[in-house]
């Protein structure tokens, strides 16, 4: 007999689990199930609760824009920026009408004006309109909780849909972007929906959370309005500074990222012309030509650059519009597409069908518009573009609101390839690595108000120097201000000198942070490489394919990557000496003592004991089959897998301080499971995962099996003993939806709660 369980318990009765439950608005129960928003069929409404104040705020912006002081002698240029005081949040309701489901969902939200320039403003039927930033307070739209509704003209309309779609198709980091009709307080117009660059964007590209970097707009956007603004002052900053909150390891990793990137900014300023005018790129283009940065970018960075230039999307290459993700595992930057203002569709409409390339991309003109990186990546880019399957891309484009014929797409691809072919023969001299001191000397004209800031986390000090790195003052670091420092916000220093401008540069003024990676790397064979630090001893038996990893103290970390790991037995032995007992559980931002990244596993055996890391074993973006896993005495999680597709024959875990088994963002199958003494959950499956388990034995846990956040768990032959809660299904995170568990042949003994679920998730037990 199939028993369907819909049990909602009072939170205070089950504190071990209830703290994880997402507080779902009861009227939106059906809205928290897996429903895909279709921009072609469904509709979006934004109802700002105080419409009068909203309109007044918009009118103030428009009045300021039309003020004579906003105009220049050039009628096409305006010294106008939408000031931050107009970008205040308004309480709002977001209504989503799903046509096929005959369902209306209502979510609370904060809405504000977004954008810097005048083109984010408009009049429609005599009413003021603007691009807006929406932050949902509950619910999500296709797993997105933070997004912008952009007036199409701000991103060159069809061009933005085309470039974001094709970049995402080619596996570059690109935000979900589509056309949709939006009604804002009963005024309807067409918008571009684009997700905010945040954690959800990274996860949709199978990336672990890490620092997202952007340019400091204080000295670019406002350079004509503020005498203190000067593009040479533009450094990098971290846009997702909350990522580091209360985590020393993430603080250090973010400091590493911003220090590297600011070195790149400095070298960019130096490698342009002697006058710092930038004849190659223009005044504000970020030059990443120098060879010294090779170690800090992913392999496909050159290819990305080529594609960006071939689509004439170079607006996003400027100091303030560049966006990067710093991979905390591999320690390199990946580009994020943002505000390129591509013109490829516009050019297609103008270029004759004779396939003659437009004048801008003739070889004699290319040196003035293209980077060395784009030249280097041209051939790989050609291969990628030629290998695009038109049918698949056309479908994606159509879903995003851009209708093209197969002929249109072929012609666009031909234009792109022709441009890329023209890149290949261009010779661009690579700039030399320059003396950083010269950069600071060039700031002399601003010396009266410039202060340079350096941060040493280990010594807990903040060093503030003048423009030539002298007259430095050392302050004790208040960790409450680190988020602000990384974001280039220094309000906490304004009391000292209101007229000063502060620039956060990096770790220290000696610039000895470049190439400071403490990990060594060895190659077992052409398919397998190991990265490890000094607190690890490796014993490698090539003949028997056996690797023993000994952790000498609690800072020891190992990362294994490569193409295929075939028939190896890998053993991790943790440190029990209690040395460095205060080490962060995710030291060097590695949650696993033993971490596998981007590997294919074939008939591998894994074991671990005495782990002190957040995860004893962590698998990221890995796939294949594992013969057996044996883990004992983990201080926190036993095994953690993210963005992976794995089949495991036998799994045995005993004595984990937190979860024994934690899966997310993937597909997982295990034939036999034996778990004992799990501090929290025996099995935890979350973040849009599907998992199948057979022959499951779980003893002495807080929760036997948990399915969370848009996940589905199917299990057979389950025996749970001495657990507070046998089975639980619930929604924990706003960006996901309800969960589901289906179990056949389950026995549960000596429990407090047999089932625990929120109102929208389901637990289905057969033969209870």
(message) Using only the alpha-carbon atoms, how far is helix 248-271 inclined from the longest principal axis of the chain? Give it as 0 to 90 degrees, nearest 10.
(response) 30
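Output the peptides 699-707, 660-668 sorted from most to least packed, where packing is the average of other Cβ atoms within 10 Å over each peptide's residues.
699-707, 660-668
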(request) Would you give the gap between the C-alpha center of region 132-154 and the C-alpha center of region 704-738, rounded to a whole Å? (result) 30
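Estimate the FRET efficiency between residue 522 and residue 457 by the formula 1/(1 + (r/R0)^6), using the beta-carbon distance for r and 41 Å for R0, to the nearest 0.05. If you can, show how the numbers build up before the last one.
On the way: r = 29 Å, r/R0 = 0.72.
So the FRET efficiency works out to roughly 0.90.
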(message) Binning at 20 angstrom from zero up to the longest distance, how are the C-alpha pair distances of the chain distributed in percent?
(response) 15, 45, 35, 5, 0
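So if the hydrodynamic radius of region 120-203 is defined as the Kirkwood radius over C-alpha pairs, what does Stokes-Einstein give as its diffusion coefficient at 4 °C and 1.567 mPa s, in µm² per second? Could the numbers behind the result be given before it?
Values: Rh = 13.6 Å.
This corresponds to a translational diffusion coefficient of 95 µm²/s.
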(request) Return one number: the angle in degrees, 0 to 90 and rounded to the nearest 10, between the long axis of the Cα atoms of helix 390-399 and the longest principal axis of the Cα atoms of the chain. (result) 80
(request) Please report how far the C-alpha centroid of region 664-696 lies from that of region 533-598, rounded to the nearest whole angstrom. (result) 23
(message) Could you list 463, 614, 298 so that the one with the fewest beta carbons within 10 Å of its beta carbon is first and the one with the most is last?
(response) 298, 463, 614
(request) List, largest first, the extents of the alpha carbons of region 34-202 along their principal axes, each in whole Å. (result) 53, 39, 29
(message) Place a point 7 Å from the Cα of residue 62 along the Cα-to-Cβ direction; which residues of region 121-165 have their backbone N under 15 Å from it?
(response) 121-131
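Taking only Cα atoms of region 588-637, what ratio of Rg to Rh do you get with Rh as the Kirkwood inverse-distance radius? Don't skip to the end; give the middle numbers.
Working: Rg = 11.0 Å, Rh = 11.2 Å.
In region 588-637, Rg relative to Rh is 0.97.
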(request) Could you work out the Kirkwood radius for region 520-721, taking every pair of different alpha carbons, averaging 1/r and inverting it, reported in Å? (result) 16.6
(message) Suppose only helical runs count, i.e. DSSP H with n ≥ 4. What mean residue ellipticity at 222 nm does that imply for the chain under -39500 (n - 2.57) per run, divided by all residues and rounded to the nearest 500 deg cm²/dmol?
(response) -5000 deg cm²/dmol
(request) Output the relative contact order of the chain, whole-number percent, from Cα pairs under 8 angstrom with separation of 6+ residues. (result) 10
(message) Can you tell me the orientation of helix 158-169 relative to the chain, as the angle in degrees between its alpha-carbon axis and the longest Cα principal axis, to the nearest 10?
(response) 40
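State, as an integer percentage, the relative contact order of region 520-721 based on alpha-carbon contacts under 8 Å between residues 6 or more apart. Walk me through the intermediate numbers first.
Numbers: 642 pairs, mean separation 23.4, N = 202.
Relative contact order of region 520-721: 12 percent.
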(request) Fewest Cβ neighbours within 10 Å first, please rank 485, 639 accordingly. (result) 485, 639
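For 205, 542, 269, 120, which order do you get if you count the other beta carbons within 10 Å of each Cβ and list the fewest first? If you can, show how the numbers build up before the last one.
Numbers: 205 15, 542 9, 269 24, 120 20.
Ascending Cβ contact count within 10 Å gives the list 542, 205, 120, 269.
For the chain, give the share of DSSP beta bridges that are antiparallel, in percent and rounded to the nearest 5; count only bridges with both residues there.
Details: 83 of 203 bridges.
For the chain, the DSSP antiparallel bridge percentage is about 40.
Taken together, the values in this text are just the output of simple stated rules run on the coordinates, not laboratory data. For clarity, every value in this text was computed on a predicted model and none was experimentally measured. Virtual Cβ from ideal backbone geometry, glycine too; neighbours counted across all protein chains shown.
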